Amino acid sequence: MRKILEKLDRVDRRVIYLLMALSVFVPLSLRLSYPIPVGEGPSRDLFDAIEAMPSGSVVLVSYDYDPSTMPELQPMAVALTQHMFTRGHRIIAMALWPQGASLSQEAMTAVGDSLGKAQYDDWVNLGYTVGAGVSIVRMGSSIRAVFPQDRDGFPYDSIPLLTRVQSLRDIDLVISLSAGDPGIHAWVMMAGDRFGLPVGGGCTAVSAPEFYTYLGTGQMLGLLGGLKGAADYETMVREGRENAPAGLATPGMAAQSIAHLVIMAFIIIGNISYLVIHKRRKGAPK
Amino acid sequence: MNWEIIGIWLGAVLTLMLYSFLYRDNPFYKFAEHLFVGMSAGYWVIYNIFNVLKPNFWDELTGAGDGSPDYFMIIPGVFGLFMLARLVPKIAGLSRMALAMIVGTGAGLSLVSTLQTNCLSQIEGTIMPLSGVGTMGFIDNLIVVVGVVCGLVYFFFSKPHEGITGKAAGAGITILMVAFGASFGYTVMARISLLIGQAQFLLFDWLPTMGIHL
Amino acid sequence: MRLFLPLVVTFVCGIVMILHFFIPHRPISTIGDGLTDWYMIVASAAIFLGAANLVQVHVHRINTKARNWQYSPVVLIGFLAMMAAGLVWGVEESLPFDYMFQTMVVPMGATMFSLLAFFVASAAFRAFRASNWRATLLLASAFIVMLGRVPIGGMIWKQIPVISEWMMQVPNMAGQRAVMIGAALGVVATSLRMIFGIERSYLGGAD
């Protein structure tokens, strides 16, 4: 047993990589699928908040991420956009990360076209702004000052959706899809606490634990954390709509489950071999 | 020419080049890595020109936006040039002016905002009732109150962690360990999610271009 | 004088932003709004500085034939190709700039970070040791969260997701809040030091 553990202790890292790859690729190839029960929690809180808003509300969605975290955040963007459009809300997209401006366009166009929503009437993509928190503060007095034109160069004043939107105070809800800084922190600080706007969010799993502090104080009204949060939201959006597509995150949750078990097995085996070998070394004569 | 399929192949080949690093560092990985850096920088500059510099600076300065030129925009323009002066060693000192403006504005903004959002609001949120909330509510609130106070004691290094302070700091590090454990769990989840995203791309976007449907 | 003017600029900008928070009325609001408008321009210059520096570094590497210099032209070609596509055709959808972003930058960015999944797995095997009771507590907490956030956790035992959510909302929140308050006090202290010119290290890079 000890010899096996010693061999395991010296195992090539590439064997670990291979096992990791298999734990993801095999469940995906087999199209394994597990049901995703959505209990009470921040995902449902965000869904309920959007559900409770009157039709025609204006929601500002900030795409504060880039392709490196797209697998987690883009499914959230798509599911949120689907939900808001089906509820009749209008969306203003923007980005505090440069590459978020392209990713937002992709999500908005795909969902908008599929649901028959018109750019500039039902949604607009203002594009990227530099300056993070400073820009948000400026948007508190004038959004036009930060975005004189939209992503494609269309003047702010000639966009029908924006005729009654002058500052952040004309927005009903802010949602930041955040991969780090600038992101949710900046929105909660500036839009939430400074201008009194309700703030919701979606974030990478890495940063989800820290935002529970904002949930606890009511500074955020809901949060989607990582792929699980995205899958939760997709599940809630699909409730009562049998033929709705599965979404982008839900099919990945089975692979996520298996990969978590594999990582846990790595930790357990690593600890057993550590304990056995460590004990032996401790007992060895100096 | 089917640009969509060419695009999928481009993405897949670059993906596999980067994954080749898992075997060992190699020229394919280095090629893709350097290409990524260059293209990302190009993307940033272009978006900066089209989404910030042109509408917020040039159009304002020349009046191309609303018809009335704003000559005060010369000031940030000059400060921006000061920033670029860092590239020329002889006049690099000018960049201090631009840095000072960035740092001063950022510091002034974050001072009040951080104090309000991450400090005062959090303290307010920790003032919780311990009675009239049921048994579970009592336990939960007690854990939060004691956890926050003891966690802060752990970060307080002006007094040696001995006696009652040491015990409080010990309780603090315990609650921090639970929080770090949760963070670790979420970190694992995040990294695997990213791999799942790329695996889905290879399996369900790229393989079908070769007639392999899973 | 070398530092005096920058310190004055830092002080004035900092004080304006603080006043802007407490007095959102004219003339402070007008000055504050103007400063934020200027900030965006100057901050965008920093991005140009970064890009110019990147080009400078790689041109230097090519000129001096530094180690792995052969890859520097790849950086420059990628940079120039993206710039040219953006400047000639613009950034709208389905045009070359957007096509290059979607087909090359997006998969490369996502792949680069997905490599971390493998490194986390390796670290899980080699580094995460339950060497004392607190480290064991950390691992136990991680296990509960890892199981509670995936469907298989609820299939093993229905209460795992519930316990996981409780851990996030109670002990995790307490720990994170302690960290947040501590860090916030650090930010406040550092900001004050910068505004009042005590902290000057950010001015030290240039001669």
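For the residues of A:15-25, the average number of beta carbons from a partner chain within 10 Å of their own beta carbon is 6. Restricting attention to the protein assembly as shown, the count of lysine pairs at 8 or more positions apart or across chains with alpha carbons under 21 Å apart stands at 7. Kirkwood analysis of segment B:7-49, using all unique Cα-Cα pairs, places the hydrodynamic radius at 11.2 Å. Once the Cα atoms are used to define both axes, helix A:70-86 deviates from the longest principal axis of chain A by about 40 degrees. Note on segment A:77-199: Cα Rg divided by 2.2 N^0.38 Å, N the number of residues, gives 0.98. Other protein chain C-beta atoms within 10 Å of residue C-beta, averaged over A:48-56: 0. Could you work out the Kirkwood radius for chain C, taking every pair of different alpha carbons, averaging 1/r and inverting it, reported in Å? With all distinct Cα pairs of chain C included, I get 23.6 Å.
Once the cut-off is 21 Å, how many percent of the Cα-Cα pairs in segment A:52-126 end up in the long-distance tail?
Percentage above 21 Å: 18.
I need the shape label for the protein assembly as shown. Rule: rounded when a/c is under 1.5, else prolate if a/b > b/c, else oblate, with a, b, c from the alpha carbon gyration tensor. Cα axes put the protein assembly as shown in the rounded bin. Near A:A93, the amide H atoms lying under 5 Å from its own belong to A:V61, A:V124, A:N125, A:L126; only residues 5 or more places off or on other chains count, and H is placed 1.01 Å from N.
Taken as entire DSSP H runs, the helices of chain B that both span 20 Å or more between Cα atoms along their own long axis and average 1.0 or more on the Kyte-Doolittle scale are B:3-19, B:95-114, B:134-154, B:163-201. Here's how it looks for A:D150: its modeled amide H is under 5 Å from those of A:Y156, which are all 5 or more places away or on a different chain. Taken as Cα centroids, segment A:114-146 and segment B:49-118 sit 20 Å apart, rounded to the nearest whole angstrom. Put the Cα centre of segment C:53-102 next to the Cα centre of segment A:217-235 and the gap is 37 Å. The angle between the Cα long axis of helix A:226-238 and the longest principal axis of the Cα atoms of chain A comes to about 60 degrees, rounded to the nearest 10. Ranked by the mean number of other Cβ atoms within 10 Å of their residues, highest first, the peptides C:147-155, A:30-38 fall in the order C:147-155, A:30-38. At the listed q of 0.15 Å⁻¹, the Debye profile of chain A, built from one uniform point per Cα, gives log10 I(q)/I(0) equal to -1.07.
Of the DSSP H helices in chain C, those with a Cα length along their own long axis of 18 Å or more and a mean Kyte-Doolittle hydropathy reaching -1.0 comprise C:4-22, C:28-64, C:72-89, C:106-126, C:133-148, C:173-195. Under the simplified labelling scheme, the C:R26-A:S114 pair shows an inter-label distance of 5.0 nm, with each label point 7 Å from Cα along Cα→Cβ. Taking Cβ atoms as reference points and 10 Å as the exclusive limit, the residues near A:A79 contribute a net charge of -1, counting Lys and Arg as +1 and Asp and Glu as -1. With 20 Å as the cut-off, how large is the P(r) tail for segment C:1-110, expressed as percent of Cα-Cα pairs? Roughly 65 percent, once rounded to a whole number.
Which of the peptides B:35-44, B:139-148 is most tightly packed, and how do the rest follow, going by the mean number of other Cβ atoms within 10 Å of each residue?
Going by the mean number of other Cβ atoms within 10 Å, highest first, we get B:35-44, B:139-148.
Normalising the Debye intensity of segment C:98-153 to I(0), with uniform scatterers on Cα atoms only, and taking log10 at q = 0.17, 0.22, 0.29 Å⁻¹ returns -0.74, -0.91, -1.06. Packing-based ranking of B:54-61, C:4-11 yields B:54-61, C:4-11, ordered from highest to lowest mean Cβ neighbour count within 10 Å.
The alpha-carbon atoms of segment A:1-50 define a convex hull whose volume equals 187 cubic angstrom per residue. Restriction of the chymotrypsin sites (Phe, Trp or Tyr not before Pro) in segment B:141-206 to DSSP coil positions whose beta-carbon has at most 10 other beta-carbons within 10 angstrom yields B:F157.
Could you tally the net charge around B:L53, taking each other residue with its Cβ under 14 Å from the Cβ of B:L53, Lys/Arg +1 and Asp/Glu -1?
-2
Taking the longest Cα principal axis of chain A as reference, the axis of helix A:42-52 is set at about 20 degrees. Extension gain for C:S94 to C:T190 (0.36 nm times residue separation, less C-alpha to C-alpha distance): 30.0 nm. Inter-chain neighbour count for B:19-26: the average number of beta-carbon atoms from partner chains within 10 Å of each residue's beta-carbon is 3.
Values quoted throughout were computed directly from the atomic coordinates according to the rules given, and no laboratory measurement underlies them. Just so it is clear, the structure is predicted and the values come from calculations on it, not from any experiment. Backbone-built Cβ (ideal geometry, glycine too); neighbour counts: all protein chains shown.
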